[in-house]
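Below is one structure, written out as structure tokens; the observations come after it.
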Amino acid sequence: MTFIDCHRDGPVLRITLNRPHVLNAVTEGVLDDLAELITEAGDDPDVRVLVLSGAGRAFSSGADLTVGDFSSPAGTIEAANRVVRAIRAVPRPVVAAVHGPAAGVGCSIALACDLVLTSTSAFFQLAFVNVGLMPDGGATLLVPANIGRARAMSLALLGERLPATTAAQWGLVYRVVEPEQLRPALDELTTRLSRAAPLALTRTKHAVNAATLGDLEDSLARELTGQSALLESADFHAAVAAFAEKRTPDFAGR
């Protein structure tokens, strides 16, 4: 688990994506390790809260287009889905601490967490459309479940950055604070959660998720089907080439 730092801080398990040189872009292997860590935490009675964050300047910029093996595109998508399922299933509150960009599947993973605490320097972006893809990692359900269809559609179809302050105003995230206040606010939040009744938190998390994310498996299946097709498209491969050459892609619709 070279690219993930994990350490216990009393009852708090802190998991940090650690690929700052690529803004914590994730690979299939990184996602598999992350899902495993989250699942294992659920079996440790001494862990009361999980915190997910990113090293360096970003939370996560999404899938790493520079190293992905797109001959078998389902692998990374399925690994991302395992992370989202693990966050939902783990019987502990999961807090995302977002201090910078959360884009693509990085945005999906952050929003899958139970509480998203963010600094004013952060932004959220469903950047998939910019490379000829569709949202995955459960984003087609997670985002509208929080902010409604109209705003979710604007984020998904336009692929624009959503500043953290606007995300908080829309109800996409729990709270936004100034950058220097992020760690104190995170410590206060995790202390409160770690001292709360753990069985009550588990039951509450399960009930709220069942009421709001009951269609998650159907959404993940639709995303997998649609994204797998798009990853085979000429538009996506043109976008990957444009990304490597630092230019805007030309989409032909095929």
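The values are calculated or read from the model by the stated rules, or taken from the named source; none is laboratory data. Just so it is clear, the structure is predicted and the values come from calculations on it, not from any experiment. All Cβ positions, glycine included, derive from the backbone under ideal geometry; neighbour counts span all protein chains shown. Accessible surface is based on the protein model in full, side chains and every heavy atom, while ligands, DNA and RNA are left aside. Shrake-Rupley method; radii C 1.70, N 1.55, O 1.52, S 1.80 Å.
Can you tell me which residue among 156, 211, 197, 164 is touching a residue at least 24 places away in the same chain (Cβ under 8 Å) and within 30 Å of residue 47 (Cα to Cα)?
164 is the lone residue from the list that is touching a residue at least 24 places away in the same chain (Cβ under 8 Å) and within 30 Å of residue 47 (Cα to Cα).
Do any helices (runs of 4 or more DSSP H) lying entirely in the stretch 180-254 carry at least 2 residues that are surrounded by 15 or more Cβ atoms within 10 Å (Cβ to Cβ) and of a type in the set (A, V, I, L, M, F, W, C), and which ones are they?
Fully inside the stretch 180-254 and qualifying: 182-195, 216-231, 234-244.
How many residues does the stretch 106-158 hold that are touching a Gly at 6+ places or on another chain (Cβ under 7 Å), open to solvent by less than 10 Å² (accessible area, probe 1.4 Å) and hydroxyl-bearing (Ser, Thr, Tyr)?
Matching residues across the stretch 106-158 total 1.
Among (1) in contact (Cβ under 8 Å) with a residue 12 or more places away in the chain; (2) within 23 Å of residue 112 (Cβ to Cβ); (3) of a type in the set (D, E, K, R), there is one condition residue 254 misses while meeting the rest; what is its number?
With (1) in contact (Cβ under 8 Å) with a residue 12 or more places away in the chain; (2) within 23 Å of residue 112 (Cβ to Cβ); (3) of a type in the set (D, E, K, R) applied to residue 254, the lone miss is (2).
Table: residues versus (1) open to solvent by 50 Å² or more (accessible area, probe 1.4 Å); (2) more than 30 Å from residue 234 (Cβ to Cβ).
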position: 4; (1), (2): no, yes
position: 55; (1), (2): no, yes
position: 66; (1), (2): yes, no
position: 81; (1), (2): no, no
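Output the residue which, of all residues in the stretch 13-29 that are open to solvent by 10 Å² or more (accessible area, probe 1.4 Å) and of a type in the set (A, V, I, L, M), is nearest to residue 87 (Cα to Cα).
13
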